[in-house]
Each structure stands twice: as C-alpha cells, then as structure tokens.
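Have a look at the structure below, then the notes.
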Amino acid sequence: MNTHTNTDIEQLNRKNFRNCLDALSRPGDVFQITPLFDSSLLALAAMLLYSEVNFYQQTDTNWNMIKVLTNSEEVAVEEADYLFLDTPLEHILMEAKAGDQLNPEFSATLICCCEDLNEGTQVKLSGPGIDGTKETILPATTSFLQLLAQKNKHFPLGVDMYFLSDTHMICGLPRTTTVEVL
Amino acid sequence: MNSTTFAFIDEDAKKEIRRSLLKAVALPGYIVPFASREMPVARGWGTGGLQITLSIILERDVLKVIDQGCDASVNAVNIRDFITEVTGVKETVNTSEASIIQTRHRIPEHEFAKDEKQILVFQVPTPEVLTTVEPDTAKQKQMHANSDYAKLWVLLYEDTSQYGDSRISNRYPVLINDHYVMDPSPIPKYDIPRMDNSPVLQLFGAGREKRIYAIPPYTSVKPLKFDDREFKVESFSGISCERCGAQNVFFDEVRRETGNHYFCSDTEYCDQHLEKSNAS
Ligand SMILES: [Zn+2]
C-alpha cells in the first residue's frame, strides 16, 4: 500500500469532491476521479466519510485504512449514510434509507462500481441539472433502474447515486433525475 | 489551526460542508443545516458564502468576488484577498473568466456560458423564506415538509389587493423545481428571472444560521405570483448609464442635488461596455 500524507489526501479529496459536485449537478455527464490506494471507490470513501457519518460496504476491498483515516463507522444497510457496492444491488437499494418529509437529507447515497459507464441500459434523463433531456447509457439493469424510479417516486424522499467505472470515471444521479428506460 | 492547511478550514469541517452541499444539490431549494465552528472573521463578511467557497475551491480555480455588483468594494476586496491568500488561486474581475464567483446581493450582468461549469456562491443573511410569515422554526420546517405556503400566498394576496403589486422588493420568494419555496438572498427582482434555467450551479450559504441550499444548473426558478399577475422587475426604461451608456441593465441610482444619476450596478460590465464604446 502506498504511503500518503494528509496533505496529499486532502488535495485528492478536494479534487474528487469537486468532480462529485459537478457530477451530481449535471446528471449523465461523466467526470474523472483520482484513485486512492489504486481504487476510485476508496478515493470517494476518503472524501465523503468522517466521524459524523457512517457507511455500509459490500466490496472486495480492504477498508481498514479508510476506517483509520476517516473515523467513520461501518453500520447495517438500513442505517447507512453511504453505501459502497462492487455492483448495483437491488436488495440494498430497497433497504437504503430515503429520509423523511421533515428531514429528506437523512437519506442514503449509493456508490456503485461498474466496468464501463457506456455499457448497460439506454435511458433518457430529465430533471434539474439537465438542459432539456439527455439520452445516455447507465451501467445498471432495467430492473435496477425501475426500482430506483420507484424509490425516488415521492420527492423529496429518495436516494442519490454515483456510478464509478474501472477507468475511474464517475456519473451522478440525484433523486431529482427522471430516468426513462428506452 | 495548521498554518499549511489549504483554504483555511480543516478537513473535517470541509467534509461537513461538502456533505451539506451534495444534499442541497439533490434537494433543490431545501435548506440543509450544517454544523460549523465559528469563522474567525467579522460578521457581515459573509461567512456562509466564505465557508462554501473555501470548501469547494481548487488550486486551478479563478475567483471573482462582488458586493452588490462591485468588485472594488471594501467587503469584496477583503474576501477576495483572504481567499487568494489562503489558497493561492488566481483572481479576476472578468465574469466569463471566473470559475467561482462569490457574490453578495447581485448576479453578474454578463450571460453565463453553457459549458463552463461556473459556480455562483451567494452570501445569505436570512436563509428562511418563511420568517416573514412564521417566526417559529419548527413550524417553518413543518410547512416546508407539507409544501404549505398558504401564509406566503396570503401575504402576496394582501399586497396585491392593497398595493396592486407585491411590496417585496428584494428577497422575493421563489419556487424551485415546483417543490420548495426558498429565499433567493437579497438580490433585486431584476435578477430573479435570471436564476431560472441558468447554466451555472447556484450555492447559498448563511454563516450565522449555518444553513446551505442550492439550485442546480437548468432548474426551474419561478417567483411566487398569482397567475393573472405579471412579475414586475425594477423598471429602468429610457435610462442609460451615465458612465458607459449601457441600457437594459440593473442600475444603481445616485441621488444628488442635480437630480437622479444612474450607473451600472455591475462595475465590470460597465468597464467592458465603456471600453467597447470607446473602441468603436
Ligand atoms: Zn455603465
């Protein structure tokens, strides 16, 4: 494992945060993530996690360094603020917390890995952050995307998502995005 | 505080603000509370806007700071100097050159380019739009949860029937993405339609109240109004800037013995317009 100073990690965090902010603000557009410990998933974890938030993960990765770095607690799916997954999983999406009307921000964010952002389901996106509509591909199955639509049907309740590719590219999908499977 | 910390705020405090920013983007117009330590700068410096800017800024950013449209006001200069000092980023007065624009009470006059991913950071004194009609914060939250804006509508109705128009001249309530009503910060009514479907990401920070909210790019922003009423912005018809000759912009009105004088509120726009007029 490489050695990183705090300064290095902070620099990585701010670069990766900005790309996440851009990705969530412009759904369907693709941005670059700089990996940490050779993993863009861990890079996002290092950026998002700190002592005030918790997470769930179902991945092949070693999380010890992230836990030490961030002081963030690993919890059950239904409690987790952030869910890190090697692949989009429907039962995890179902159980993820969606917030409530008074505090819709008490909801989960899913970070799902995929091989390639350009392989998956052809969709048409609309909603905030999209100039009109946008046709693109999302790296998830039709049934996952239908479940996501179900989960996000009653705004402001819902979950926000990021897809991360093997080539460290990221695409954001806030709960406000309407996903129409083509 | 570590003196080598980039952008002044420590990492965990930035993470808290960043978490709130991402939630705010996913919930357009919803006010996200965040925890923060006091910033060691004076109130009125716009600590809310400052905390956002310091949490999003990168080495490659180009920063513009304006106060009521003016780059040269003491407040704007102080904030710009502080941010450039703790980050080393390049500064500009040029709207089209800036990647982050921190502003108090105006949106720059120049139209924003579509694909530049510029970010506008607003300093907000009063984040809660419902304070004028409901003082109780728990009730305000409940009203937002129920999309119950009846009290705002009553206020609007009373104004319209008594005065023929809303008396609200700034901080005009806006409906975001057909869901939440929010306070756009004390910008003039002239700037309200310019928030609608804008290509820029608009972020709002209130330091004292520790609140963050956002309007993503290409999001519907509608002033609260009755269907049969026109939304009237400040009228400057027939007026041109005394310095540069510009028309159809937002003007500062200066009252002198010689009468009322008008100048572009956006000083950078005024400079550019003056340069163009002199060149032609
Ligand atoms: Zn002028």
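Taking a ≥ b ≥ c as the square roots of the eigenvalues of the Cα gyration tensor, an a/c ratio of 1.5 or more together with a/b larger than b/c marks the stretch B:127-170 as prolate.
Please report the antiparallel percentage of the DSSP beta bridges confined to chain B, to the nearest 5. Mind showing how you got there, number by number?
On the way: 22 of 38 bridges.
Looking only at bridges with both residues in chain B, the antiparallel portion is about 60 percent.
Applying a threshold of 19 Å to the alpha-carbon distances of B:Lys117/B:Lys276; A:Lys15/B:Lys14; A:Lys153/B:Lys141; B:Lys232/B:Lys276; A:Lys134/B:Lys117 flags B:Lys117/B:Lys276; A:Lys153/B:Lys141; B:Lys232/B:Lys276 as lying beyond it.
Which of rounded, prolate, oblate describes the stretch B:148-254, given a ≥ b ≥ c as roots of the alpha-carbon gyration tensor eigenvalues and a/c under 1.5 marking rounded, otherwise prolate only if a/b is larger than b/c? Could you put the intermediate results ahead of the total?
Values: a/c = 1.80, a/b = 1.18, b/c = 1.52.
Cα axes put the stretch B:148-254 in the oblate bin.
Quick one: of the DSSP bridges fully inside the protein assembly as shown, what percent are antiparallel, nearest 5? If we restrict to bridges inside the protein assembly as shown, about 55 percent are antiparallel.
Using only atoms on other chains, find how many Cβ atoms lie within 10 Å of each Cβ of peptide A:99-111 and report the average.
Values: counts 3, 1, 6, 6, 5, 8, 12, 1, 3, 0, 4, 0, 0.
Across the residues of A:99-111, the mean count of other-chain Cβ atoms within 10 Å is 4.
Here A:Met94, B:Met195, A:Met169 are placed in order of increasing Cβ neighbour count within 10 Å, fewest first, which gives A:Met94, A:Met169, B:Met195.
Here the Debye sum runs over all C-alpha atoms of the stretch B:237-280 as equal scatterers in vacuum, and log10 of I(q)/I(0) at q = 0.23, 0.34 Å⁻¹ comes out as -0.74, -1.20.
Relative contact order of the stretch A:1-103, taken over Cα pairs closer than 8 Å and 6 or more residues apart, is 20 percent. Peptides A:86-92, B:172-178, B:63-69, B:244-250 ranked from most to least packed give B:63-69, B:172-178, B:244-250, A:86-92, packing being the mean of other C-beta atoms within 10 angstrom over each peptide's residues.
For chain B, calculate the relative contact order in percent as a whole number, restricting contacts to Cα pairs under 8 Å that are 6 or more residues apart.
Relative CO of chain B lands at 21 percent.
Scaling the Cα radius of gyration of the protein assembly as shown by the globular reference 2.2 N^0.38 Å produces a ratio of 1.00. The mean sequence separation of alpha-carbon pairs under 8 Å and at least six residues apart, normalised by the residue count of the stretch B:237-280, gives a relative contact order of 36 percent. Its Cα centre serving as origin, the protein assembly as shown has a Cβ charge dipole (Lys and Arg +1, Asp and Glu -1) of approximately 820 debye.
Hydrophobic, long helices, defined as DSSP H runs whose alpha-carbon span along the helix axis is 15 Å or greater and whose mean Kyte-Doolittle value is at least 0.0, occur in chain B at B:74-87.
Coupling constants for the stretch A:166-182 follow from the phi torsions by the Karplus curve (6.51 cos²θ - 1.76 cosθ + 1.60, θ = phi - 60°), and in residue order they are 4, 8, 6, 9, 10, 9, x, 9, x, 5, 7, 7, 8, 9, 9, 6, 8 Hz; glycine and proline get x.
Taking amide H atoms as placed 1.01 Å from N in the peptide plane, the amide H of B:Gly69 lies under 5 Å from those of B:Arg104, B:Arg106, each 5 or more residues away in sequence or on another chain. Taking amide H atoms as placed 1.01 Å from N in the peptide plane, the amide H of B:Val62 lies under 5 Å from those of B:Ser99, B:Ile100, each 5 or more residues away in sequence or on another chain.
For the ranges B:12-24, A:101-113, what's the packing order if you count other beta-carbon atoms within 10 Å of each residue, average per peptide, and put the highest first?
Working: B:12-24: 23.5, A:101-113: 20.0.
So the peptides B:12-24, A:101-113, ranked by packing, come out B:12-24, A:101-113.
Among rounded, prolate and oblate, which fits chain B when a ≥ b ≥ c are the square roots of the eigenvalues of its C-alpha gyration tensor, a/c under 1.5 means rounded, and a/b larger than b/c means prolate? Taking the square roots of the gyration eigenvalues as a ≥ b ≥ c, chain B is oblate. Residues B:Tyr213, B:Tyr157, B:Tyr163, B:Tyr30, arranged from fewest to most other Cβ atoms within 10 angstrom of their Cβ, appear as B:Tyr163, B:Tyr157, B:Tyr30, B:Tyr213. Using only side-chain charges placed at the Cβ, +1 for Lys and Arg and -1 for Asp and Glu, the dipole size of the stretch A:84-145 relative to its Cα centre rounds to 200 debye. Given the stretch B:80-207, what percent of its DSSP beta bridges are antiparallel, to the nearest 5? Percentage antiparallel, nearest 5: 30. Cα centroids of the stretch B:203-280 and the stretch A:37-116: 43 Å apart.
Every number here is computed from the coordinates shown, using simple stated rules; none is lab data. The shown structure was predicted, so the numbers you read here are calculated from the model rather than taken from an experiment. Note that each Cβ is placed from the backbone with ideal geometry, even for glycine, and that neighbours are counted across all protein chains shown.
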